[in-house]
Amino acid sequence: MEITQLANGFAVEIGGVNLAETLNDAAFDAIKALWMENRVVVFRHQTLNDDGLVAFAARFGPLFVHAQSSLLSSRRKEVMELSNLEDVERPVTHELDWHTDQSYTAQPVFGTILYGLVTPDEGGETHFADLAGAYVSLPEELRTRIEDATAVYSAEPRPKVREKPLNAEERSRIPDCVHPIVRTHPYLNRKSIYLSPLHIRTIGNLPEPDSLSLLGELIEHAAQPAHLYRHRWSVGDVVIWDNTSVMHRRTSFPSHERRHLKRTGFYLPDELAIPV
Ligand SMILES: [Fe+2]
């Protein structure tokens, strides 16, 4: 295994691993430890079918199934197609701005895995902001404002957040929920800001405009270059990130570019699944 640091104190590339082969327990445990420590892990030049992708994800934890069931493939509900290709069934194109996955649910997804099949020459990057590093570098004034605060999360906190609005059944199944703004990692003695700007409605007792203004300050702090990793996609890339400790966004890309990624992920075990 060759390990290359990709950004300031987080995000590593792991070389010398073929994810299509079953990894022995020692190799898998080493990868999981590196991933948790570094929040984002990148593998290059991989070739995986859906079964291989899902089998790899399942070793990390219970498989992730998206809460918005109308987006799921009829073939394999653990795999979502992020795509603008015409022949892809139920492609997902939304989720542009900073967020952490499924943070609007009481027990959000732990890790997300993306696998690049068709990648644009220009744009369509995935950017990661290191929320654990951003917690450490928080200015004191900002830290005292958020240390004990919670935020109200919603799948649709404001109009037009989702390209495909929730249907009535989904809306009743996914009520608003509350999470702490400072979260401790489920396995490591590490705090981070827990932040999903796309899904936060309000922070603490602040009215919505003041919540959005505080949110803006937190985004500006967390997404500064010192805490940023920009992933430019190549075919065969597999990227795994820890939603407890990074937030991510996709950059836009020209309409003539083609982009097709597969996504899967995994939950925490029930006893660790609620953010604290
Ligand atoms: Fe996402």
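Laboratory data are not the source of any read-out in this text; all were calculated from the coordinates shown. Because the structure is a prediction, the values reported are computed rather than measured. When we count neighbours, we look across all protein chains shown, and the Cβ atoms used for this are built from the backbone with ideal geometry, even at glycine.
Can you show me the helix-derived [θ] at 222 nm for the chain, built from DSSP H runs with n ≥ 4 at -39,500 (n - 2.57) apiece and divided by the number of residues, rounded to the nearest 500.
Calculated at 222 nm, the ellipticity per residue is -6000 deg cm²/dmol.
Add +1 for every Lys or Arg and -1 for every Asp or Glu among the other residues with Cβ under 12 Å from the Cβ of PHE56, and state the total.
-1
Net charge near GLY111, counting Lys/Arg +1 and Asp/Glu -1 over other residues with Cβ under 12 Å of its Cβ?
My count for the surroundings of GLY111 gives +2.
Over what distance in Å are the Cα centres of region 248-276 and region 1-63 separated?
So the separation of the two Cα centres works out to 15 Å.
Please identify the DSSP H helices in the chain that span no less than 20 Å along the helix axis (Cα) and have a mean Kyte-Doolittle hydropathy of -1.0 or more.
Within the chain the helices that satisfy the rule are 208-222.
I'd like the FRET efficiency for ALA106 and GLU2, computed as 1/(1 + (r/R0)^6) with the beta carbon distance as r and R0 of 30 Å, rounded to 0.05.
According to the calculation, E is roughly 0.15.
Under a Cβ-Cβ cut-off of 12 Å, what is the net charge of the residues other than THR4 that fall near it, where Lys and Arg count +1 and Asp and Glu count -1?
On the way: positive: ARG44; negative: GLU2, GLU13.
Net of charged neighbours comes to -1.
Between VAL136 and THR47, what is the spin-label point distance in nm, taking each point 7 Å from the Cα along the Cα→C-beta axis?
4.0
Taking the Cα centroid of region 170-245 and of region 113-155, what is the distance between the two, rounded to the nearest whole Å?
About 5 Å separates the Cα centre of region 170-245 from the one of region 113-155.
With +1 on the Cβ of every Lys and Arg and -1 on the Cβ of every Asp and Glu, and nothing else charged, how large is the dipole of the chain about its Cα centre, in debye rounded to the nearest 20?
260
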